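Since every read-out is calculated from the coordinates, none of them should be taken as a lab result. Quantities reported herein were computed from a predicted structural model and do not represent experimental measurements. All Cβ positions, glycine included, derive from the backbone under ideal geometry; neighbour counts span all protein chains shown.
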């Protein structure tokens, strides 16, 4: 039986990153992956979605071209778009395999499961470990009453089948639901979102979400909020408000659950929670002190970059080193049209917690670069505490995913709005909004009208 310092179950953003980092620290590592390295994010989630959404922005630009350009007609070849998506995924998975090999990580392709508190079995082969990390990720949640054969599909199906056409109902107005809705709408589908909570993207800043709602309406995407699905049958979706929607497809995007099936965690003395999640302490240790768990499988924050960061922190602990990564500050991005990115607390959360705060806002439409590139839809918002320290921020608009980074650094390092506004920003750029937004906290934004007393 082969013995390893560390065995990692799951080759997604937590697993492969943790494997490489631990190999860099001199550990003898084995990575076990049942399917392809890269996990959900690379193969059937983040990357393929962004590949197809890149076409979405181009399509919308063609439908509403910039002044001075006339587009009489254009054709969509969805098969070629999906082929491009596949080529990107394959390139990245191959790249990860090469990286693992270069660092001497032993990759085992197969389903791994525990046989004792220090052994696993893969394809009939027993492997021993001093330490182990469970990083098997998550799987699509599809309640039984939302499962109608030949009618209900999930995001994975959407990303693998370019032939989807006609009327589509998307159940769930969260990140996945909104991204899928914009994508299918741009491809020519008639899309309707149904969300049971009081608003789409319910955890995000409401001022910013209004731009997403306006964009959905402007692009002909209907959405119902505070509305539940009462019954499904092939071709029909009955809602709690009494309406019945007819559709060719129903995309169920109500979330993802921990993927622990077949791990035989009980044989390793690893406790699972009520939803099948691996329960961990603050250091990500399970009930077996030699086994850790990170990422979606713990039932916590379901973000690839969070999973990767957690893995790096854990393997540093295992190697007897120290990690300085700050897991308390995690940015989040919705690749809607326009994009929405945020970090820290929202204004709603600040009110609920009774935090004394100030707000700075600035609109894209007031920015020279935004006007120059015809990207005036959106706003930037920063939240500071009583001491001017940045405690939250949100951006909705062009390049929101990049513009949130300075605010992430600010929240993580405890910087103030005054410190962010003391930096000289290049002109003309969208980054100048950071300066204006932070100066607006104190009513000093140059390109914003004077506040009324």
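In whole Å, how far is the Cα centre of region 381-453 from that of region 1-22?
Rounded to whole Å, the Cα centres lie 39 Å apart.
So how much slack lies between residue 372 and residue 145, counting 0.36 nm per residue of separation and subtracting their Cα-Cα distance, in nm? Walk me through the numbers on the way to the answer.
On the way: separation 227, 0.36 × 227 = 81.72 nm, distance 4.97 nm.
Stretched fully, the residue 372-residue 145 segment lengthens by 76.8 nm.
Within a 10 angstrom radius of the beta carbon, how do 153, 383, 409 rank from fewest other beta carbons to most? Before the final figure, lay out the partial values.
Working: 153 19, 383 26, 409 15.
The order, fewest Cβ neighbours first, is 409, 153, 383.
Would you mind ranking 154, 296, 388 so that the residue whose beta carbon has the fewest other beta carbons within 10 Å leads the list?
Arranged by neighbour count, lowest to highest, 154, 296, 388 become 388, 154, 296.
If you take the C-alpha gyration tensor of region 3-106, multiply each eigenvalue by 5 and take the square root, what semi-axes do you get, largest first, in whole Å?
Working from the Cα gyration tensor, I get semi-axes of 40, 12, 10 Å.
Would you mind calculating the gained length between residue 264 and residue 207 on full extension (0.36 nm times residue separation, minus the Cα-Cα distance), in nm to one decimal? Walk me through the numbers before you get to the answer.
Details: separation 57, 0.36 × 57 = 20.52 nm, distance 4.57 nm.
Extra length available between residue 264 and residue 207 comes to 15.9 nm.
Give me the distance in nm between label points sitting 7 Å out from Cα along the Cα-to-Cβ direction at residue 405 and residue 240, one decimal.
The two pseudo-label positions are separated by 4.1 nm.
Based on the Cα coordinates of the chain, what is the per residue volume of their convex hull in Å³? Walk me through the numbers before you get to the answer.
Values: hull volume 78.7 nm³, N = 453.
Output value, Cα hull per residue: 174 Å³.
May I ask for the distance between the Cα centers of region 71-105 and region 246-302, given as a whole number of Å?
28 Å
Starting from 0.36 nm per residue, how many nanometres of slack lie between residue 387 and residue 353 once their C-alpha separation is accounted for?
Numbers: separation 34, 0.36 × 34 = 12.24 nm, distance 1.65 nm.
Extra length from residue 387 to residue 353 when fully extended: 10.6 nm.
In degrees between 0 and 90, to the nearest 10, how far off the longest principal axis of the chain does helix 175-186 point, with axes built from Cα atoms?
Helix 175-186 sits roughly 60 degrees off the main axis of the chain.
Taking neighbour counts of Cβ atoms within 10 Å as a proxy for exposure, in what order, fewest first, do 321, 54 appear? Intermediate values should be presented prior to the final figure.
Details: 321 12, 54 15.
Ordered by Cβ neighbours within 10 Å, fewest first: 321, 54.
Which three semi-axes in whole Å describe the equivalent ellipsoid of region 144-254, each the square root of 5 times a Cα gyration tensor eigenvalue, listed largest first? Please report the intermediate quantities before stating the final value.
Numbers: eigenvalues 84, 55, 30 Å².
The three semi-axes for region 144-254 are 20, 17, 12 Å.
Per the helix-only calculation at 222 nm, which mean residue ellipticity applies to the chain, given -39500 (n - 2.57) for every DSSP H run of n ≥ 4 and division by its residues, nearest 500 deg cm²/dmol? Don't jump to the answer; show the numbers that get you there.
Working: 14 runs with 143 residues, N = 453.
Rounded to the nearest 500, the figure is -9500 deg cm²/dmol.
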